Structure formats: structure tokens, C-alpha cells
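Taking it in order: structure first as C-alpha cells, then the write-up.
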Amino acid sequence: KDEYVREVFTSSTNMLLTLEFLHFVPKLIDVFKQKKSIEAKGISLPQFLQFHIESYIIKASTILDPMIILAASVYRLGISPRKCNLELLSDNYFMKNSKALTLLKNYNKQISEIKHHRNLIVHHGNFNDKDLNEIYGLYIVTSQDEEYNPIFDIHKRNLSENYILLKIEELKKRNTEIETSILNLQKAFKPIFDEKLKTNFFSAMCPKQH
């Protein structure tokens, strides 16, 4: 019983730590309002934003993995975390018609676009964000061209402030969606978890046959 609870707790913790990281990113982006201290270290706004948004995309696309591992733990499927995937769960007798599997498949569809962006970043080093690329361009112009038109500074500031506000709103909305998916998954797991605990308890109480 203790081993089962520990395994489920560990899997659940890994999933929730990833969610916690996703909640940090909008706050970290918002920190750039104190940009003087950050720019003093040679970090420009577009560099700062790209680093955190790329980190967010990678984490948001991989949170499905701890969800899947948690499902295997709750159902006691005996699948190694390194080999655990959605396809294996789909073929498993105990899971193939479960509500939990349906929720996992729905979430997998929900993050298809973000997984596409993650693959571009990880495998091709390509971070494709039109608005952020424009901000990059403005930073290059205003830092390297001594005779640039001051209008570029105004445009850079307005575009940057608007981008940050919209990006924070976008990430917070996505975090709410992810959190809802996790809560629904936990609700689907609860009766299974309770039943396994009960079964383990009664098995432990039964006298061993010699």
C-alpha cells in the first residue's frame, strides 16, 4: 500500500511541478518591466522573451508525459516510465475504455500546435514569432545605427509593451486550460486510486497461505 501511494505521489508531483513552472513564465516575462537591471547584464528584451517563451513551449508540450506516467501509476500497469506512452495505454486492457484515456487523448489533440512549435525549436532551432522578430529588428536598428530615426524608439517601446501584455494574457489562458485538464484527469483517477488502495489493504490483511 505504501509503495503504491509513494509511486502515485511521485508521478503526481512531477506533473504538478511542470504546471508550476508554466505559471512562473508569465510572471518572469512581466519582470522585464524592471528592464534596466536586466539590460545592464547585456540581455535585450527580445532575447529575454525568446528564452522564456521557448522554455514555456517545451514544458507545455511535455507535460503530457508525466500525465501518462501518472495514469500508469494509478492503474498499476507495471510499465516503465521510460517506455510509457499514449499508444501503450491505448492498447492496455484496463485503460482502453477509460475516461482517463479519453482525457489524455483530448489533451494530446489540444497541444498539437504547441508540439509543432516545440519540434521546430528543439530539432531545427527555429523560433518563429513574427511580432517578436519585428522587435528584434528594432533593437538591432536602434543599437547599431547611430543615425536612426527616433520614431523607431517609440515604435519599439509600444510594440514591446503590447507584445508583453498579449503574451502574458495568452500564457495565462493556456495555463488555465492545462490546469483544467489536470483537474479533470485527477477526478477520473480518484475512484481508481481509492479502489486500488482498498484492494491493496484487504490483500495485505489476508493471511498468507503456506
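Could you look through the stretch 8-45, keep only residues that are open to solvent by 50 Å² or more (accessible area, probe 1.4 Å) and either among the β-branched types (V, I, T) or under 23 Å from D194 (Cβ atoms) (or both), and pick out the one that is modelled with the lowest pLDDT? If you could, list the steps in order and put the result at the bottom.
First, pick out the residues of the stretch 8-45 that are open to solvent by 50 Å² or more (accessible area, probe 1.4 Å): 9-10, 14, 16-17, 20-21, 23-24, 27-28, 30-31, 33-37, 39-43.
From what is left, the residues that are either among the β-branched types (V, I, T) or under 23 Å from D194 (Cβ atoms) (or both) are 9-10, 14, 16, 31, 43.
Numbers: F9: 92, T10: 92, N14: 91, L16: 93, V31: 80, I43: 83.
Result: V31.
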Item checked: Subset tally (residues that are part of a helix (DSSP H, G or I), hydrophobic (A, V, I, L, M, F, W, C) and over 25 Å from E179 (Cβ atoms)) for the stretch 30-53 -> 3
Next item on the list: Scan (1) closer than 30 Å to Q47 by Cβ; (2) surrounded by 12 or more Cβ atoms within 10 Å (Cβ to Cβ); (3) out of contact with any Pro (no Cβ under 7 Å at 6 or more places or on another chain); (4) hydroxyl-bearing (S, T, Y) for the single condition Y139 breaks and write down its number.
Entry: (3)
Margin query: Just to be sure I understand the filter: pairs with C-beta atoms under 6 Å, separated by 6 or more residues or on different chains, first member in the stretch 158-175 and of a type in the set (F, W, Y), second member open to solvent by 60 Å² or more (accessible area, probe 1.4 Å) and assigned to a helix (DSSP H, G or I). Which pairs pass?
Written below: Y163/D131
Note to self: Could you check the stretch 93-111 and list, in sequence order, the residues that are part of a helix (DSSP H, G or I) and either open to solvent by less than 70 Å² (accessible area, probe 1.4 Å) or in contact with a Cys (Cβ under 6 Å, 6 or more places away or on another chain) (or both)?
What the structure shows: A100, L101, L103, L104, Y107, N108
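Taking the criterion of being open to solvent by 100 Å² or more (accessible area, probe 1.4 Å) and touching a residue at least 12 places away in the same chain (Cβ under 8 Å), would at least one residue in the stretch 124-134 satisfy it?
So the first thing to find is which residues in the stretch 124-134 are open to solvent by 100 Å² or more (accessible area, probe 1.4 Å), and the list is 124, 128, 130.
Checking which are touching a residue at least 12 places away in the same chain (Cβ under 8 Å) leaves us with none.
No; the residues of the stretch 124-134 include none that is open to solvent by 100 Å² or more (accessible area, probe 1.4 Å) and touching a residue at least 12 places away in the same chain (Cβ under 8 Å).
Quick check on K27: is it part of a helix (DSSP H, G or I) and under 14 Å from the mean Cα position of the chain (by Cα)? It would help to see each step written out before you state the result.
Numbers: part of a helix (DSSP H, G or I): yes; under 14 Å from the mean Cα position of the chain (by Cα): no.
When the stated conditions are applied, K27 does not pass them.
The values are calculated or read from the model by the stated rules, or taken from the named source; none is laboratory data. Every value quoted in this text rests on a predicted model; they were computed, and no experiment measured them. Positions of Cβ are backbone-derived with ideal geometry, glycine not excepted, and every protein chain shown enters the neighbour counts. Note: areas computed on protein heavy atoms with side chains; ligands, DNA, RNA excluded. Shrake-Rupley method; radii C 1.70, N 1.55, O 1.52, S 1.80 Å.
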